[in-house]
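Novice: Before I ask anything, let me first share the structure, which is written out below as structure tokens.
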Amino acid sequence: MHYFEYRDGQLHCEGIPLRKIADEIGTPVYIYSERTLQRHVRVFDEAFQSVPHLICYAVKANSNINILRRFADWGTGFDIVSGGELFRVLRAGAAADKVIFAGVGKTAQEIRYALDAGILFFNVESPPELELINRIAGDNNGHARVSIRANPDVDPHTHPYISTGMQKHKFGVSLSDAKELYRSARQLPNIDVVGVQCHIGSQITQLAPFEQALASLREFILELKRDGVPLKYLDFGGGLGISYTTEEPPSPAAYGAAVAATTKDLGLTIVLEPVRVIVGNAGILLARVLLKKNQGTKKFVVIDAGMNDLIRPALYGSHHQLWPARAQSEKETVDVVGPVCESADFIAKERDVAVLEPGELLAVMSAGAYGFSLASNYNSRPRAAEVLVSGETYQLIRKRETYEDLIRLEENIH
């Protein structure tokens, strides 16, 4: 559910007409609904009330510090994959002991930073990484809490670029290798083993892959407990999908019930890393039509947002619903494209879209996850502004970049 709707023929975000934001801030602009964000956090939290749990929002999908600050105020933890993300969440006021650090390529500098901050634990993805963490913790005469990412070799039936739980992927270690890694970890003087972690992919729209992974993990955890491994946490990652078009993903309640049914007797705190299900439908990209162009029988609508602003259609072939800011029923079949000098620069192809004239506004829906966070300055295009709407007011939470910003780090280098 989200709070983007038409009122008196004009598309609103909560109590603000999108036209007002476009007129005052310009386009392209990312617009987020605070009410939607808060509701999604609450619904996801309620889905796990039957078991001890910690929600750690995965920062990579949308890392605006003003949004992170809201999540921290609402009590969530954070899943990070870089030192830069740790810097963001700490600057946002997050509690370091609610932060978990994932990723296959943590640097020594990042590990030291996280240890100094006092994060909850590292998700370890390889034997060399475990050895590095042990050495760095020892250099500080301290201990590092770790969970090992066990790969259950489950096909999540999602896009191959966001599938992460099979042996052909770079993430984690196989269950058999994980057993050996746990044995090694218990022999290391500066390592405290605290959990098991698993993440099979993103935008998963069926319960079956989750249930299959949970069944394997349950047996794995029971075996570790028989071996005397002192586990406190099961980090089951994220991945629950949303509806971009016709998908019908499980509800958070159904997902929570499936996780609880398999884990409630294990005596572990369940750590969740939701992201898309929290922010995906809470944000849009608002663009303005620049011109219309016909090429034979082909019709193009050219907007001022390009693949540098939203790369998901080019990268994943993703589908985003397109809503006109002014409600109307007449449609035409067009390609919606941007101004970037690439044939891959499109938002939609052969789509029935409301008939729009130059100057009118178009909302690219469900752009809150992996929208701005994947944006770039390709073609030397300044990145878009970001706005957070709260009821009848809105706040500019990231200024639009300027041409001067594009070269700020390149000039006067000595």
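The numbers here are math on the coordinates, done by the rules we state, and not lab data. What you see is a predicted model, and the numbers here were worked out from it, not measured in a lab. No Cβ is skipped: glycine too gets one built from the backbone with ideal geometry, and neighbour counts run over all protein chains shown.
Novice: Need one number: convex hull volume per residue for region 5-96, Cα atoms only, in Å³.
Specialist: Values: hull volume 11.1 nm³, N = 92.
Hull volume normalised by residue count: 121 Å³.
Novice: Report, to two decimal places, the Cα Rg of region 34-276 normalised by 2.2 N^0.38 Å (N = number of residues).
Specialist: Values: Rg = 16.9 Å, N = 243, 2.2 N^0.38 = 17.7 Å.
The value comes to 0.95.
Novice: Would you mind working out the magnitude of the charge dipole of region 1-100 relative to its Cα centre, with +1 at each Lys and Arg C-beta and -1 at each Asp and Glu C-beta, to the nearest 20 Debye? Mind dumping the intermediate values first?
Specialist: Values: 12 positive and 12 negative charges, 27 e Å.
Charge dipole of region 1-100: 120 debye, to the nearest 20.
Novice: Still on this structure, I have one more. What are the ³J(HN,Hα) couplings of region 135-148, residue after residue, when phi is run through the Karplus curve with 6.51, -1.76, 1.60 and θ = phi - 60°? Round to Hz, x for glycine and proline.
Specialist: Karplus-based 3J(HN,Hα) across region 135-148 equals 5, 5, 4, x, 4, 9, 6, x, 10, 10, 7, 9, 10, 9 Hz.
Novice: Put +1 on the Cβ of every Lys and Arg and -1 on every Asp and Glu Cβ in the chain; which of Ala367, Gly306, Ala95 then has its Cα farthest towards the positive end of the dipole?
Specialist: Most positive-ward Cα: Ala95.
Novice: Here's something else I'd like to know. Which ³J(HN,Hα) values in Hz, rounded to whole numbers, follow from the phi angles of region 367-384 under the Karplus curve 6.51 cos²θ - 1.76 cosθ + 1.60, where θ = phi - 60° and Gly and Pro get x?
Specialist: 3J(HN,Hα) across region 367-384, in whole Hz: 10, x, 10, 6, x, 4, 5, 9, 5, 9, 9, 3, 6, 6, 9, x, 6, 5.
Novice: Could I ask something else about it? How would you classify region 265-414 from its alpha-carbon gyration tensor, with a ≥ b ≥ c the square roots of the eigenvalues: rounded for a/c under 1.5, else prolate if a/b is greater than b/c, otherwise oblate?
Specialist: oblate
Novice: Taking H placed 1.01 Å from N in the peptide plane, check which residues at least 5 places from Arg398 or on another chain put their amide H under 5 Å from its amide H.
Specialist: Glu386
Novice: Further question on the same structure: Is there a quick way to get the dipole size of region 34-276? I mean about its Cα centre, with the Cβ of Lys and Arg at +1 and of Asp and Glu at -1; what is the value in debye to the nearest 20?
Specialist: Working: 25 positive and 27 negative charges, 86 e Å.
Computed about the Cα centre, the dipole is about 420 debye.
Novice: How large is the Rg to Rh ratio of the chain when both quantities use alpha carbon positions and Rh follows Kirkwood? Show your work: numbers first, answer last.
Specialist: On the way: Rg = 22.6 Å, Rh = 22.6 Å.
My calculation of the ratio gives 1.00.
Novice: State the dimensionless ratio Rg/Rh of region 1-160 (Rg: radius of gyration of Cα atoms; Rh: Kirkwood radius). Intermediate results must be reported in sequence, preceding the final value.
Specialist: Working: Rg = 19.4 Å, Rh = 18.2 Å.
We get a ratio of 1.07 for region 1-160.
Novice: Can you work out the Karplus-derived ³J(HN,Hα) for every residue in region 223-230? Use 6.51 cos²θ - 1.76 cosθ + 1.60 with θ = phi - 60°, whole Hz, and x for glycine or proline.
Specialist: 5, 4, 5, 5, 7, x, 6, x
Novice: Taking the highest mean first, how do the peptides 359-368, 9-18 order by number of other beta carbon atoms within 10 angstrom per residue? Mind dumping the intermediate values first?
Specialist: Working: 359-368: 22.8, 9-18: 19.0.
In descending order of packing, they fall as 359-368, 9-18.
Novice: A follow-up question, please. Using modelled backbone amide H atoms (1.01 Å from N, in-plane), which distant-in-sequence or interchain residues come within less than 5 Å of Arg145's amide H?
Specialist: Amide H to amide H, under 5 Å and 5 or more residues apart or across chains, Arg145 pairs with Phe122, Asp192.
Novice: On to the next question. What size of dipole, in debye to the nearest 20, comes out for the chain about its Cα centre when the only charges are +1 on Lys and Arg C-beta atoms and -1 on Asp and Glu C-beta atoms?
Specialist: On the way: 44 positive and 50 negative charges, 33 e Å.
So the magnitude is around 160 debye.
Novice: Mind checking which of Gly280, Pro230, Ile200 is farthest towards the positive end of region 189-286's charge dipole, using Cβ charges of +1 (Lys, Arg) and -1 (Asp, Glu) about the Cα centre?
Specialist: Pro230
Novice: Relative contact order of region 34-276: what whole-number percent is it, with Cα pairs under 8 angstrom and at least 6 residues apart?
Specialist: The normalised contact order for region 34-276 reaches 21 percent.
Novice: Same structure, new question: I'd like to know which of Thr246, Val43, Ser184 lies farthest towards the positive end of the charge dipole of region 34-276, counting +1 on Cβ of Lys and Arg and -1 on Cβ of Asp and Glu.
Specialist: Val43
Novice: Does anyone have the angle between helix 108-117 and the longest principal axis of the chain? Alpha-carbon axes, 0 to 90°, nearest 10?
Specialist: 80 degrees
Novice: Quick one: helix 34-46 against the long Cα principal axis of the chain, what's the angle to the nearest 10°, folded into 0 to 90?
Specialist: 30 degrees
Novice: What does the charge add up to near Tyr57, with Lys and Arg as +1, Asp and Glu as -1, over the other residues with Cβ less than 14 Å from its Cβ? Don't jump to the answer; show the numbers that get you there.
Specialist: Values: positive: Arg42, Lys60, Arg69, Arg70, Arg88, Lys98, Arg276; negative: Asp45, Asp73, Asp79, Glu85, Asp235, Glu273.
Around Tyr57, the surrounding residues sum to +1.
Novice: Quick check on the chain: helices-only [θ] at 222 nm, where DSSP H runs of length 4 and up contribute -39,500 (n - 2.57) each and the sum goes over total residues. Nearest 500, please. All intermediate terms of the calculation are to be shown ahead of the outcome.
Specialist: Working: 12 runs with 120 residues, N = 414.
Using -39500 (n - 2.57) per qualifying helix, the result is -8500 deg cm²/dmol.
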